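**Student:** Got a structure for you, questions after.
No value in this document is a laboratory result; all are computed from the given coordinates. Bear in mind that the values here come from a model prediction, so they are computed numbers and not experimental data. Reconstructed Cβ throughout: ideal geometry from the backbone, glycine too, with neighbour counts over all protein chains shown.
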């Protein structure tokens with residue numbers, strides 16, 4: 001797949017709702033304005049929250065996402081705040097999604113900075129890996 005196709009999957013609300021939720025979760029947008037300076041509100045719901053209770057409620061993670069920068073076909077920088085009463089989940093996390101062309105198609109990379117301390121590194125890595133696998137499946141013919 002080319003970078004334009006990957007970029008479209010990172011910026012279209014229907015595509016994002018299809019692939020972004022990690023395994024065991026579903027997602028929906030309460031608001032969506034994907035442009036530099038725009039924002040969206042994402043609700044991720046656990047199918048079974050018994051092993052991983054949500055940050056916002058027993059079975060949900062709600063995040064407010066602000067779009068800090070968009071370079072079409074190359075990069076999306078987002079500032080993310082989790083809605084939570086637990087101080088361990090407070091703070092603004094910055095996620096940068098970048099796309100790089102290679103002979104086989106496009107590599108999509110994610111860098112997360114300032115991850116709140118309540119987000120365990122292993123859980124975060126598993127969730128991001130699951131989302132990237134979903135993206136790959138979504139884009140493969």
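**Student:** Once you put a point 7 Å from the Cα of residue 71 and another 7 Å from the Cα of residue 104, both along the Cβ direction, what distance in nm separates them?
**Tutor:** So the two model labels end up 2.4 nm from each other.
**Student:** For the Cα atoms of the chain, what angle does the longest principal axis make with the long axis of helix 121-139, in degrees from 0 to 90, nearest 10?
**Tutor:** Computed tilt is about 40 degrees.
**Student:** Per DSSP H run of n ≥ 4, the term is -39500 (n - 2.57); total these for the chain, divide by its residue number, and report the mean residue ellipticity at 222 nm rounded to 500 deg cm²/dmol. The partial results should precede the final answer.
**Tutor:** Values: 3 runs with 35 residues, N = 141.
It lands at -7500 deg cm²/dmol.
**Student:** Quickly work out the residue 28-to-residue 124 label distance, labels modelled 7 Å from Cα along the C-beta direction, and quote it in nm with one decimal.
**Tutor:** For residue 124 paired with residue 28, the spin-label model returns 2.8 nm.
**Student:** Calculate the FRET efficiency for residue 35 and residue 5 from the Cβ-Cβ distance with a Förster distance of 22 Å, rounded to the nearest 0.05. Before the final figure, lay out each step's value.
**Tutor:** Working: r = 19 Å, r/R0 = 0.88.
Approximately 0.70, to the nearest 0.05.
**Student:** So, one more: Would you kindly state how much longer the chain becomes between residue 113 and residue 64 on full extension, computed as 0.36 nm times their sequence separation minus their alpha carbon distance, in nm to one decimal? The partial results should precede the final answer.
**Tutor:** Working: separation 49, 0.36 × 49 = 17.64 nm, distance 1.60 nm.
Taking 0.36 nm per residue and subtracting the Cα distance, the gain is 16.0 nm.
**Student:** Take the Cβ-Cβ distance between residue 15 and residue 90 as r, set R0 to 30 Å, and report the resulting FRET efficiency rounded to the nearest 0.05. Mind showing how you got there, number by number?
**Tutor:** Numbers: r = 30 Å, r/R0 = 0.99.
My answer for the efficiency is 0.50.
**Student:** To two decimal places, what compactness ratio does the chain give when its Cα radius of gyration is scaled by 2.2 N^0.38 Å?
**Tutor:** Details: Rg = 14.6 Å, N = 141, 2.2 N^0.38 = 14.4 Å.
So the chain has a normalised radius of gyration of 1.01.
**Student:** Normalised by the residues of the chain, what does the relative contact order come to in percent, with Cα pairs under 8 Å and at least six apart? Display every interim value, and only then the final one.
**Tutor:** Details: 278 pairs, mean separation 31.7, N = 141.
Relative contact order comes out at 22 percent.
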